[in-house]
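Reviewing the structure listed below.
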Amino acid sequence: MKMIPLARPDIGPKEIEYVTAVLKSPYLSLGPRLPEFEEKIARYAGVRYAVAVNSGTSALHLMVKALGIGQGDEVITTPFSFVASANCMLFEGAKPVFVDIEPSTYNIDVSKIEAAITPKTKAILAVDVFGQPANWDAITKIAKKHRLLLIEDSAEAIGSEYKNRKAGCFGDVGVFAFYPNKQMTTGEGGVILTDREEIAKLCRSYRNQGRGEAGTWLQHERIGYNFRLSDINCALGLAQLERIEELQEKRDRVAQLYFKRLKAIKDLYPPCIAPDVKVRWFVYVIRLADRFTKTDREEIQEGLRDRGIENRNYFSPIHLQPFYQAQFGWKRGDFPVTEHVSDRTIALPFFNQLSEKEIDYVGSQLEQLLR
Ligand SMILES: *Cc1c(COP(=O)(O)O)cnc(C)c1O
């Protein structure tokens, strides 16, 4: 049976042309495409500096390090996210402190943040989950009041807007990620976004073996990594960025077709968008009604797979990942809203080329399975 995949990149002739041009040049890495990509991403996000690295996870890691977050520090964040948004604290010996989510938008529940602040709290890291910006006015207010650093994991939200400002610019530092299932891709890649020059400089040094600004090849000022993004990847990113409005509009078309098709299906909640927010779509995640159990959800997922529809249980709570449970003793019941949502969500096939016929097929199969 031909499967409808969960995700698929949208690569056109421009991508192939730009990548080929790099392959024909002498500069496969640390060439001219890197600063060009960084400048254009910074302009797009509305920040002063962008530092490109080899993954979104590397971007999160370096910005945590550059902000001086480490041993003994706590960072408030959400358990309903991709695991990297909490792992980045563990890389540096800091502790993620989870706060439960809102049942409607699945973003961090701002009303519960202050209760989680302790003298060790150094930062708040909020995630724009599934492309929907968090409640940034309220989060910024809390961060200011308690003098905390503010971090935005906007890996899923490039182009999304909160009160007419683009995601990625709401914290001291933000990140985008460019794995092939995101709104735009570099194959693998990520970027650190900031207005703070010293943070950008530190991240540039950390990604390139701790070299100093002059870039003297065998002069290392601090311990660093090789988290560089090659010019091949940057060229792919530049082509995608030139097409970003087209890419986003195609995704919006698919999302709107899903909303229309699924509207009348009982027992199924489509994504819920807050006022003040414009979502640029990363994934399309539905939620089953409360009466369904986790086992019911798994059966429906299996049923969809049997009918040729790939799908995924976005997200599995971070606090219940085996090594988090082992290290911190978290258990089921600790973050009930996250667990309730997480037991009932299904990410449906979502990519630019998805046809109305395929969306209709997904809708009718869901209808049958929910009956
Ligand atoms: C994709 C993603 C990342 C980074 O992922 P990489 O695969 O390392 O590029 C980080 N946080 C969230 C919320 C993500 O969805």
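The values are calculated or read from the model by the stated rules, or taken from the named source; none is laboratory data. Small disclaimer: the values here were computed from a predicted structure and weren't measured. No Cβ is skipped: glycine too gets one built from the backbone with ideal geometry, and neighbour counts run over all protein chains shown. Side chains included, ligands, DNA and RNA excluded: accessible areas come from the protein's heavy atoms. Shrake-Rupley method; radii C 1.70, N 1.55, O 1.52, S 1.80 Å.
If you go through segment 280-298 and keep only what is surrounded by 20 or more Cβ atoms within 10 Å (Cβ to Cβ) and away from the ligand (no atom under 14 Å from the Cβ), you end up with Y284, R287, L288.
Each row is one residue, and each column tells you yes or no for (1) within 30 Å of P270 (Cβ to Cβ); (2) touching a residue at least 40 places away in the same chain (Cβ under 8 Å).
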residue	(1), (2)
L6	yes, yes
R43	no, no
A50	no, yes
T57	yes, yes
S81	yes, yes
E92	no, no
V97	no, no
T105	yes, yes
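Suppose we keep only residues that are over 14 Å from the mean Cα position of the chain (by Cα) and of a type in the set (S, T, Y) within segment 144-186. Which one would you say is nearest to Y49 (Cα to Cα)? For segment 144-186, the residue satisfying everything is T186. Within segment 174-205, the set of residues being within 16 Å of the ligand (Cβ to nearest atom) and closer than 25 Å to I223 by Cβ comprises G174, V175, A177, E188, G189, G190, V191, I192, L193, C203. Screening W136 on (1) within 20 Å of A59 (Cβ to Cβ); (2) touching a Leu at 6+ places or on another chain (Cβ under 7 Å) shows it passes everything except condition (2). Filtered by the rule that a residue be open to solvent by 10 Å² or more (accessible area, probe 1.4 Å) and within 12 Å of the ligand (Cβ to nearest atom), segment 92-116 gives a lone residue, Y106. Contact map, segment 205-225: residues that are without any contact (Cβ under 8 Å) to a residue 40 or more places away in the chain and farther than 18 Å from Y49 by Cα paired with residues that are open to solvent by less than 90 Å² (accessible area, probe 1.4 Å) and aromatic (F, W, Y), Cβ distance under 9 Å, separation 6+ or inter-chain. Pairs shown: Q209/Y225; G210/Y225; R222/Y206; I223/Y206; G224/Y206.
I'd like to know if segment 133-154 contains one or more residues that are of a type outside the set (A, V, I, L, M), within 16 Å of the ligand (Cβ to nearest atom), in a loop (DSSP other than H, G, I, E, B) and open to solvent by 10 Å² or more (accessible area, probe 1.4 Å). For segment 133-154, residues of a type outside the set (A, V, I, L, M), within 16 Å of the ligand (Cβ to nearest atom), in a loop (DSSP other than H, G, I, E, B) and open to solvent by 10 Å² or more (accessible area, probe 1.4 Å): absent.
Being buried (at least 24 other Cβ atoms within 10 Å of the Cβ), part of a loop (DSSP other than H, G, I, E, B), within 15 Å of the ligand (Cβ to nearest atom) and of a type in the set (S, T, N, Q) holds for only one residue in S81, S85, and it is S81.
Just one of the listed residues (F315, F335, F350) is within 19 Å of F82 (Cα to Cα), open to solvent by less than 30 Å² (accessible area, probe 1.4 Å), of a type outside the set (K, R) and modelled with pLDDT under 95, and it is F315. Among all positions in segment 184-199, there is at least one residue which is assigned to a loop (DSSP other than H, G, I, E, B), closer than 20 Å to P349 by Cβ and either open to solvent by 30 Å² or more (accessible area, probe 1.4 Å) or in contact with a Lys or Arg (Cβ under 9 Å, 6 or more places away or on another chain) (or both). All told, G171 meets the bar of being part of a loop (DSSP other than H, G, I, E, B) and away from the ligand (no atom under 11 Å from the Cβ). Go through segment 175-218 residue by residue and tally those that are in contact with a Pro (Cβ under 8 Å, 6 or more places away or on another chain) and either farther than 29 Å from E15 by Cα or not polar (S, T, N, Q) (or both). The qualifying residues number 2. In segment 117-132, the qualifying residues are those that are out of contact with any Ser or Thr (no Cβ under 8 Å at 6 or more places or on another chain) and not basic (K, R), and the one that is most open to solvent (accessible area, probe 1.4 Å) is P119.
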